[in-house]
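Single-structure report; data block below.
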Amino acid sequence: MPKNVIMPALGVAQETGRVLKWFKSEGDRVSQGEMLLEVETDKATVELEAVASGVLRDITAVAGDEVPVGTVIAGIWADGETEAHPAEGPSAANGKSASSKMTEAETTANLSRPASQLPSASESDRSPRRARSSPKARRLAAERGIALDRISTGSTPVVAAAVLQSERGASIKESPATPGRIWRIMAERTTEAWTSVPHFYLNRQIDVSNLVAWREELRASLPEVTYTDLLIRKIAACLRLHPALTSEWRNGNIHSHAEINLGLAVAVDEGLLVPVIRNADRTTVAAVSLERKRLVERARAGKLSPDDLSGGTFTISNLGAFGVDFFQAIVNPPQAAILAVGRITQRVIVVSNQPAVKPTMTLSLSCDHRVVDGARAARFLGELATALETLSPGED
């Protein structure tokens, strides 16, 4: 039997994947582990490897096709199997038999119909073209009695948002731009998070004099170290003492995680991606800096792997580089919390009952109230603030 090439599920909520290109053609010989095709998911572009060695046959999805996860899109036939193509096997014979029986039945029925009601050759030979669409879009369209082929989205598949907009009588053609797949999925998920997760927010302005000094000291040996790298290290250490912040709400219960894997929000042209730094609480600043750089580069190149994007238990979103003083982020389900980081700026604060100009930063913690209450969140944010204000620049 051939080894099936299947459209993989690369995310918990993924329903479909889009074939971008095949590196091999029908009839080509492939080796196990060789790059076979490129697939676009809701988060990134992923290259899939051949699952076996042999001859690639029976390709059913071409570049541009959106395919439900779990669908067989090709087969890899071993050398001894290449002669037994499915079209020549028993299943094909059964298919021909069934087709013949169906033709006979249709012929019998047509004999009793007036000539004016018989289908023309062009009508009987031509099958209706099915609009490309996501499973959710097809379900919504069926529930609302909307014909998918009447919803115009240009060359892109019909998604759930297009069905809902069509129901409201809006014209998709009037849209000034069609968002890409990553942006559409981001829009759907943030909408779901905003409407289903009970958010609350805690804000804290902190003195980051020691953080600035720490970075300046490290730059002698780590020229590319960033404030985000240092924050990741300190946040992970505090999360180890506050496991509620890395838990999640699932089926009416709170589930804890053994690992502290920090997601880092990265803006790309297509939308927002959140690659994950694993076991950040057990990683040095140097290792964090290298991994952060690798993930950001791969995110912007559209080359993040499924492992790079999975397993996050807490997210950091830093807009300080964009000159933002303060903002509040939307929780990234199924996680329970996200920390928004503003820029470092000079402000007048009180030190020993005297005004002083110090570099400060504002942190905003967004939480899922089903998992974390205000007191637990406040304790975490307070300990993080203390850790950042009192750290010794020589720490690792």
task: Go through segment 352-368 and count every residue that is free of Cβ contacts under 8 Å to residues at least 12 places away in the same chain and closer than 17 Å to Phe326 by Cβ.
output: 0
For Asp281: the one exception among (1) under 14 Å from Thr228 (Cβ atoms); (2) in contact with a Leu (Cβ under 9 Å, 6 or more places away or on another chain): (1)
query: Taking Glu192, is it out of contact with any strand residue (DSSP E or B) (no Cβ under 6 Å at 6 or more places or on another chain), charged (D, E, K, R) and not in a helix (DSSP H, G or I)?
result: no
- prompt: Would segment 277-289 turn up any residue that is within 18 Å of the chain's Cα centre (by Cα) and either surrounded by fewer than 20 Cβ atoms within 10 Å (Cβ to Cβ) or not in a loop (DSSP other than H, G, I, E, B) (or both)?
  reply: yes
message: What's the number of the only condition in (1) surrounded by fewer than 14 Cβ atoms within 10 Å (Cβ to Cβ); (2) touching an Asp or Glu at 6+ places or on another chain (Cβ under 6 Å) that Asp269 fails to meet?
response: (2)
message: Consider segment 272-295. How many of its residues are among the small types (Gly, Ala, Ser) and either touching a strand residue (DSSP E or B) at 6+ places or on another chain (Cβ under 6 Å) or closer than 12 Å to Leu309 by Cβ (or both)?
response: 1
- prompt: Which is touching a helix residue (DSSP H, G or I) at 6+ places or on another chain (Cβ under 9 Å) and under 29 Å from Ala301 (Cβ atoms), of Arg233, Arg240?
  reply: Arg233
message: With the requirement that a residue be under 22 Å from Thr345 (Cα atoms) and in contact with a Pro (Cβ under 7 Å, 6 or more places away or on another chain), what does segment 196-224 give you?
response: Val208, Ser209, Asn210, Val212, Ala213, Trp214, Glu217
query: Would it be correct to say that Ala236 is outside any loop (DSSP other than H, G, I, E, B), of a type outside the set (S, T, N, Q) and over 16 Å from Thr313 (Cα atoms)?
result: no
query: Can you tell me which residues in segment 239-274 are more than 30 Å from Thr178 (Cα to Cα), in a strand (DSSP E or B) and in contact with a Gly (Cβ under 8 Å, 6 or more places away or on another chain)?
result: Leu262
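Read the figures in this text as sums done on the coordinates, not as results from a lab. These figures come from a predicted structure and were not determined experimentally. Cβ sites come from the backbone with ideal geometry, for glycine too, and all protein chains shown count toward neighbours.
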